[in-house]
Amino acid sequence: QLQLVESGGGLVQAGGSLRLSCAASGSIFSIMTMAWYRQAPGKQREFVARINPGDFSYYADSVKGRFTISRDNAKNTVHLQMNTLKPDDTAVYYCNAVNVGLDYWGQGTQVTVSS
């Protein structure tokens, strides 16, 4: 079992930065592939970034070069550093943990980017 709690969302002006965090409870964090997704109003949830247990990361084209995902297995935490934010980045951001047969989601944190 894994519980995920996101934090760090808020309101920021375009061009600014935010750092999201996802704290995981449970002993299986280190074997999970961790990811961030987002859902804007009226749109489907979309993939943002993921990092596997070996620290290999992958990004959606829309955030490549602006966002950085990282993990700290000692603290059971995954972060999403978001730079050069755009109004189109406005969404609820969700933390996700997956492995074979396992799939967990957090409650989400709101990110609003004003123009």
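The values are calculated or read from the model by the stated rules, or taken from the named source; none is laboratory data. Since this is a predicted model, take the numbers as computed values, not measurements. All Cβ positions, even for glycine, are placed from backbone atoms using ideal geometry, and neighbour counts span all protein chains on display. Please note that ligands, DNA and RNA were not included when accessible areas were found on the heavy atoms of the full protein model with its side chains. Shrake-Rupley method; radii C 1.70, N 1.55, O 1.52, S 1.80 Å.
Using a cut-off of 17 Å between alpha-carbon atoms, which aspartates and glutamates can reach Lys75, once sequence neighbours fewer than 8 places away in the same chain are excluded?
Within the straight-line limit of under 17 Å, Lys75 reaches these aspartates and glutamates: Glu6, Asp55.
Distance from a point 7 Å along Cα→Cβ of Gln13 to each backbone N in the range 75-108: keep the residues under 17 Å and list them by number.
Residues 83-88 qualify, since their backbone N sits under 17 Å from the label point.
Using a probe of 1.4 angstrom, how much of the accessible area of the range 1-113 is carbon and sulfur, in percent?
48 percent
Considering only protein heavy atoms, what per residue accessible area in square angstrom results for the chain with a 1.4 angstrom probe?
53 Å²
Can you give the FRET efficiency to the nearest 0.05 for Ser62 and Leu102, using r as the Cβ-Cβ distance and R₀ = 35 Å?
0.80
Using packing as a proxy for protection, rank 88-96, 103-111 so that the peptide with the highest average count of other Cβ atoms within 10 Å comes first.
My ranking of the peptides, most packed first, is 88-96, 103-111.
Viscosity 0.692 mPa s, temperature 37 °C: give me the Stokes-Einstein translational D for the chain in µm²/s, with Rh taken as the Kirkwood radius over C-alpha pairs.
235 µm²/s
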